[in-house]
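The values are calculated or read from the model by the stated rules, or taken from the named source; none is laboratory data. Just so it is clear, the structure is predicted and the values come from calculations on it, not from any experiment. Positions of Cβ are generated from backbone atoms using ideal geometry, with glycine treated the same way; all protein chains shown enter the neighbour counts. Just so you know, the surface numbers come from the protein's heavy atoms only, side chains and all, with ligands and any DNA or RNA stripped out. Shrake-Rupley method; radii C 1.70, N 1.55, O 1.52, S 1.80 Å.
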Protein chains: 2
Amino acid sequence: MITYPALLETFKTLLKENSLKFTRQRELVFKTLYENEGHFTPEDLSGLIKQQHPGLKISIPTIYRTLALLEESGIVNSLSFGAKGKKYEFGLKEHHDHLICIECGKLIEFHDDMIEKRQEEIAKKFNFKMTDHTMNITGICEACQKKQKE
Amino acid sequence: MITYPALLETFKTLLKENSLKFTRQRELVFKTLYENEGHFTPEDLSGLIKQQHPGLKISIPTIYRTLALLEESGIVNSLSFGAKGKKYEFGLKEHHDHLICIECGKLIEFHDDMIEKRQEEIAKKFNFKMTDHTMNITGICEACQKKQKE
DNA sequence: CTGACTGCAAAATCTTTGCAAAGAC
DNA sequence: GTCTTTGCAAAGATTTTGCAGTCAG
């Protein structure tokens, strides 16, 4: 995994290239997504930031705006399924797909080279310039299956 | 493909099993999804129904309620991506995945047996009871790539 | 300095709910 | 008849926007 300072430089460069400014708020969102493993709604992120950086504050609109920016730049991925709203995760790590439990909302990540390859082939077949791909398997996780039996 | 009357019976049986009633509105949503190839938001469906059945009417809340019911029963699938809201499609046909153009929103369906099989293996590996799986490849379609070059 | 960014409050969406009237069985 | 469903309007929830003040470069 790339180090945080290196990633931050990437982010700064990206901003500079687009005449955008590197602000405390943008760094906060970036950093929080980097430091916290998982998938978060804008609301979640707001809570996390308040909790982990009690001194600093950041408004909900700014979180939305920053996430949109980060998503466009390919730094974060968004994921939407049954539940309301979208969830975001830090995206500059190895590509992976998701198993989503429809009972408890748990997300499990996995990676499968065969599927990755096949996706590329399919995009090529349709003359599609692939920018991203997501595979979500929804179902009931082991824990929730046990609960149902009780 | 199964005939419409047969599918309708399936739907009626499902309703009966849950002490739910077969209403004109429920049939309208069901029929409209069956007859129209594609992916629709609740709003889209409302428009389609108005257009294709000018005499009958159905309110937006009822469409939402019916879609939730149909989705739970596995009769329709929902799909959410970048754009706002969810889109629904008739689900009782061969499983397929999607290529989604992020420029124009076009959806292309495809089916790939190798990927299907692999998904089952992965679910099994994680002791996941799979209820559904979706694969979305996002990117830029052939037409939009040409537009960009102009 | 200058132009971009933020926070606030307000608006725009999208989705759900309460309830009286209508409809299915 | 009884119990569910519908439509309406209203409430909720989520996301976006306008704008004045603030901040980065």
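Please tell me the relative contact order of chain B in percent, rounded to the nearest whole number, where contacts are Cα pairs under 8 Å and at least six residues apart. After rounding, I find 17 percent.
With the convex hull drawn around the C-alpha atoms of the protein assembly as shown, the volume per residue stands at 183 Å³. Pairing chains B and A buries close to 3100 square angstrom of accessible surface in total, based on protein heavy atoms and a 1.4 angstrom probe.
Using a probe radius of 1.4 angstrom, the carbon and sulfur fraction of the accessible surface of chain A is 52%.
For a paramagnetic label modelled on A:R24 (point 7 Å from Cα along Cα→Cβ), amide N atoms under 13 Å away belong, within the stretch A:45-78, to A:53-59. Inter-copy label distances for A:H96: 3.2 nm (label point placed 7 Å from Cα along Cα→Cβ; shortest first).
The percentage of C-alpha pairs in the stretch B:1-93 whose separation is greater than 20 Å is 32%. Which of the pairs A:K124/B:K146; B:K106/B:K129; A:K87/B:K87; A:K146/B:K125 have their Cα atoms more than 20 Å apart in this structure? Beyond 20 Å between Cα atoms: B:K106/B:K129.
Plainly put, the tip 7 Å out from Cα toward Cβ on A:E9 is 7.0 nm from that tip on each other copy, the closest given first. The slack between A:D132 and A:T3, meaning 0.36 nm per residue of separation minus the straight C-alpha distance, is 44.1 nm. Between copies, the label points at A:D132 (set 7 angstrom from Cα along Cα-to-Cβ) are spaced 2.0 nm, reported in nanometres from shortest to longest.
Close amide-amide hydrogen proximity is noted between A:V76 and A:E71, A:G91, each under 5 Å apart and 5 or more residues distant or on a separate chain (H modeled in the peptide plane; Pro and chain starts excluded). Largest accessible area first, the listed residues A:K117, B:K16 line up as B:K16, A:K117 when surface is computed with a 1.4 Å probe on the assembled protein chains. Among the GluC sites (Glu not before Pro) within the stretch B:1-42, those in coil by DSSP and having at most 13 neighbouring Cβ atoms inside 10 Å are B:E37. Which of the aspartates and glutamates could be linked to B:K57 by a straight reach, that is with a Cα gap under 15 Å, when you skip same-chain ones fewer than 8 residues away? Those aspartates and glutamates meeting the cut-off are B:E27, B:E43, B:D44.
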